[in-house]
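None of the figures in this text is laboratory data; all of them are computed from the coordinates on show. Keep in mind that what you see is a predicted model, and the values were worked out from it rather than measured. Note: ideal-geometry Cβ built from the backbone for every residue, glycine included; neighbour counts use all protein chains shown.
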Amino acid sequence: MIKLSRVSTESIEKILQEAQHFADGKTSKIKGDVFAANLFFENSTRTKTSFEVAEKKLGLQVIDFEAEKSSIAKGETMLDTIKTLEAIGVEVAVIRHSEKRYYDELLDAKLSVVNAGDGAGSHPTQAILDALTIIQEFGKIEGLKIGIVGDVKHSRVANSDAGLFRRMGAKVYFSGPEFWFDEGMLVNGTYMQFDDLVKEVDVLMLLRIQHERHERTFN
C-alpha cells in the first residue's frame, strides 16, 4: 500500500467493503506473532494513533519506533533501517516521511510497506478512509460531485483523494488561491472559483494550510 495507482480499483472496492464490515463491528485476529513497526518521521496524532489501534485490534505485535532515537539519527539510511527490521523479524512497516516518494528505494523490500504519507506526494490510506466516509453518507461515489478546496498544491491528501474519487466515477473540482494550485491536478478534475464550486458540489473537502511544506519550498 504505497500509492493507490499501484492498486486495482477492484482491490480498493474490496478493501472498502471489508472496512465497512469492521465499522459494523466485525473483529478479526491474526494468528501467530506478526510484528509491525510504525516509522513516523513527521509529527502525527490521528494517523499514527489510528494505525496503532488498528494493528492492536488485529492482534499484531506493535513496535514503537522512535526515529530521533534510532540509528537514522547517526546517519543510517532508510533502506538499511528497513533491512535491519526485516532481519529482526518485522513484517509490516508503516512509514510517514517528509520526502516525496521516499519509498522508491524500498520497492524491493521483503516486508510490507504501508505509506502513511510521503511529503506532498500521496496518502493512500487517508483517501480510502475518505471514500468510505462518503459512501457511508451517500451510499456511493459514482456520479457525485466532490470539491477539494484549499492548499491543493502541497496536499498529499488532495492528490490521493482526487485520483481515487475520479477512478470511482465522481466528478472532482478544485478551488482555493491559484498560487496554491498545481495544474498537474487537472488530470483528475476541474479548477473553479470557490463561489461557483460550492453551488455545484455534493461533497466539500476543506484542506488545511500546509505550513511545514511552505517552509521547505521557500527556504
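In table form, for the structure just shown:
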read-out: Selection from the range 19-35 of residues that are out of contact with any helix residue (DSSP H, G or I) (no Cβ under 9 Å at 6 or more places or on another chain) and assigned to a helix (DSSP H, G or I); value: H21
read-out: Condition check for I2: of a type outside the set (G, A, S), surrounded by 16 or more Cβ atoms within 10 Å (Cβ to Cβ) and assigned to a loop (DSSP other than H, G, I, E, B); value: yes
read-out: Only listed residue being without any contact (Cβ under 8 Å) to a residue 24 or more places away in the chain and in contact with a strand residue (DSSP E or B) (Cβ under 7 Å, 6 or more places away or on another chain), chosen from E52, E42; value: E52
read-out: Residue pairs meeting the criteria (Cβ under 7 Å; at least 6 apart or on separate chains; first in contact (Cβ under 8 Å) with a residue 12 or more places away in the chain, in the range 98-117; second among the basic types (K, R) and part of a loop (DSSP other than H, G, I, E, B)); value: N115/K3
read-out: Positions within the range 159-186 being within 24 Å of E42 (Cβ to Cβ) and assigned to a helix (DSSP H, G or I), in sequence order; value: N159, S160, D161, A162, G163, L164, F179, W180, G184, M185
